[in-house]
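I am attaching a structure below and will ask some questions about it afterwards.
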Amino acid sequence: MNFEPSQSFAVEKLNDFIEKNLIEYSKLRNFDYGPNQRTNISCLSPYVSHGVISEKEIINKSLKKYSFIKNEKFIQEVLWRIYWKGWLELRPNVWSDYLEDLKKIKENFKDNQNYLNAIDGRTNIECFNCWVNELKEHNYLHNHARMWFASIWIFTLGLPWQLGAEFFMKYLFDGDSASNTLGWRWVAGVQTKGKNYVASEWNIKKFTNNRFNNIKLNENPIPVIDNRNYLILNNSFTNTNLSNSQDLLIFENSLSFEQSDFSDQLFKNIYFVFNGNETRQIKIDQKVLNFKKSLINDQIENLKNKSLNLKMINIKDLKNMKENLLALYPSVGENLDYISLNKLKNISFLYRKIDQYSWKYCNKGFFNFKNYIPKIIQEFI
Ligand SMILES: Cc1cc2nc3c(=O)[nH]c(=O)nc-3n(C[C@H](O)[C@H](O)[C@H](O)COP(=O)(O)OP(=O)(O)OC[C@H]3O[C@@H](n4cnc5c(N)ncnc54)[C@H](O)[C@@H]3O)c2cc1C
């Protein structure tokens, strides 16, 4: 499995997937055939999570190839990302509480042998150890493996979900505050309260094509209990007025300026903001940081002929920039945290139109959100 850090590679991957494999997606998507056989899924998440290709582009291309009915499952999956993002935007305290809990739990578990064995892939569960190594080597796991992994972590190894979510964020190329935190909460049974995801031996055997044997799991666990309730914020996500000749900041989750809703606007300078480990609350693996840096350099290279002033800066440089700045909204997560923790009041946000429109439907569950998918498509695709 290979994730080249470039937009052209991502677009090629998308086109290839649509041409050859999309037709079988809903039938085969749940199978994890191992890292060398991934054509049944798109493997686009490292690129979509960085905004190198957009949900709009993916859905557009898939609908040019097949009807909505034939594509429905794939389109739903692509829109999960917008749903999870919107869900967290409406309840940002879920993220800040997660970080607070993580700090305390980390301290308590730093010498815990059970935890240290898990992150080293030295448990007595072969498939789990194999996924640990796969995650570290390829910086990616199949969706079903993420669900099994998280379930085993929480219910068989008895470890806190917060530490597992941190471990994923450290190694995944697509590590994303919303999809990851809410994915782990969902498996634990705190996202949909009382409903946990339970991995079972037969399910793992079937969907890994019998690659693993002797999988002894706790198949009858009770969900994790978290009695906190989160009120929905009434945020309108309104754009700041644009004036020509301002500077624009682009953070890691919306790297493609050309795919943004603001590419016809004139900006004085465009700054791509790199956020390294000194300024992150969750430290990530050097390979993942390199991936992010290379994607930024690739964007700068792609825009070279457009007579724009482009530069990569470190997020710490923002403290010294006193002028008013516009920024493509970085979403709830580490970048937004840096802006608020450092009280950088001179930064105003520009939201994507598709997010502004869709996030209002994220107040309830995904089943409710699904009803609005045709409307979202009609409006944006
Ligand atoms: C515990 C757990 C943690 C996860 N952490 C992350 C994470 O940090 N970052 C991340 O991007 N995804 C995360 N996911 C969601 C999902 O596993 C990945 O997006 C998916 O496996 C990516 O592979 P793909 O591109 O081949 O997906 P495909 O099946 O080909 O789907 C196409 C696209 O749809 C989107 N998508 C599909 N499934 C989901 C989903 N469940 N949630 C959100 N978007 C989805 C992705 O953008 C993906 O690229 C997590 C899931 C779980 C259960």
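The values are calculated or read from the model by the stated rules, or taken from the named source; none is laboratory data. Everything numeric in this text was worked out from a predicted model, so none of it was measured. Don't worry about glycine lacking a Cβ; one is built from the backbone with ideal geometry, like all the others, and counts go over all protein chains shown. Calculation scope for accessible area: heavy atoms of the full protein, side chains included, ligands and nucleic acids excluded. Shrake-Rupley method; radii C 1.70, N 1.55, O 1.52, S 1.80 Å.
Rounded to whole Å, give me the distance from the Cα center of the stretch 1-80 to that of the stretch 198-242.
Using only Cα atoms, the two centres lie 21 Å from each other.
Karplus couplings for the stretch 365-370 from phi (6.51 cos²θ - 1.76 cosθ + 1.60, θ = phi - 60°), rounded to Hz, Gly and Pro as x?
Once rounded to whole Hz, the list reads x, 5, 4, 6, 4, 3.
Return the single residue from Leu116, Leu341, Leu159 with maximal mean-square fluctuation; model: Gaussian network over the chain, springs between Cα atoms under 10 Å.
Largest GNM mean-square fluctuation: Leu341.
Here's a follow-up. Sort largest first and round to whole Å: the equivalent ellipsoid semi-axes of the chain, each the square root of five times a Cα gyration tensor eigenvalue.
33, 25, 21
Further question: In a Gaussian network model over the chain where Cα atoms closer than 10 Å are linked, find which of Asn342, Asn227, Asn324 has the largest mean-square fluctuation.
Asn227
Could I ask something else about it? Just to check I understand the Karplus step: with θ = phi - 60° and J = 6.51 cos²θ - 1.76 cosθ + 1.60, what whole-Hz values come out for the stretch 103-120, glycine and proline as x?
Using θ = phi - 60°, the values come out as 4, 5, 5, 4, 4, 5, 9, 4, 10, 6, 5, 4, 5, 5, 5, 4, 6, 8 Hz.
Over the chain, with the other protein chains present, what is the accessible area per residue in square angstrom, probe 1.4 angstrom?
In whole numbers, the chain has 46 Å² accessible per residue.
What net charge do the residues around Tyr372 carry, taking every other residue with its C-beta under 13 Å from that of Tyr372, with Lys and Arg at +1 and Asp and Glu at -1?
+3
Please sort 345-356, 312-323 by packing, taking for each peptide the average over its residues of neighbouring beta carbons within 10 angstrom, highest first.
345-356, 312-323
Here's a follow-up. With a 1.4 Å probe and all protein chains in place, put Ser179, Ser245, Ser331 in order of accessible area, largest first.
The ranking, largest first, comes out as Ser245, Ser179, Ser331.
Quick one: what are the phi-derived ³J(HN,Hα) couplings along the stretch 318-326, Karplus 6.51/-1.76/1.60 with θ = phi - 60°, whole Hz, x for glycine and proline?
3J(HN,Hα) across the stretch 318-326, in whole Hz: 4, 5, 8, 9, 9, 6, 6, 10, 9.
Taking amide H positions as placed in the peptide plane 1.01 Å from N, state which residues far from Leu325 in sequence (5 or more) or on other chains have amide H under 5 Å from it.
Here the answer is Ile347, Ser348, since their amide H atoms fall under 5 Å of that of Leu325.
For helix 126-138, what angle does its Cα long axis make with the longest principal axis of the chain, in degrees from 0 to 90 and rounded to 10?
Computed tilt is about 20 degrees.
Here is a further query. By how many degrees, between 0 and 90 and to the nearest 10, does the Cα long axis of helix 68-90 differ from the longest principal axis of the chain?
80 degrees
How big is the accessible area of Glu77 in square angstrom, nearest 10, if you roll a 1.4 angstrom probe over the protein chains?
About 50 Å², rounded to the nearest 10.
Let me ask something else. Return the long-range amide H neighbours of Met312 (sequence gap of 5 or more, or a different chain), with a cut-off of under 5 Å between placed amide H atoms.
Here the answer is Phe272, since their amide H atoms fall under 5 Å of that of Met312.
Then there is this: Within the accessible area of the chain, what % is carbon and sulfur when the probe is 1.4 Å and the other protein chains stay in place?
Taking all protein chains in place, the chain shows 48 percent carbon and sulfur surface.
Please quote Rg/Rh for the stretch 257-312 to two decimal places, taking the Kirkwood radius as Rh and restricting both calculations to Cα atoms.
Rg/Rh for the stretch 257-312 comes to 1.04.
Just to confirm a number: summing +1 for Lys and Arg and -1 for Asp and Glu over residues other than Ala145 whose beta-carbon lies under 14 angstrom from that of Ala145, what do you get?
Once positives and negatives cancel, what remains is +2.
Dividing the Cα convex hull volume of the stretch 101-153 by residue count, how many Å³ per residue is that?
Taking the convex hull of the Cα positions in the stretch 101-153, it is 90 Å³ per residue.
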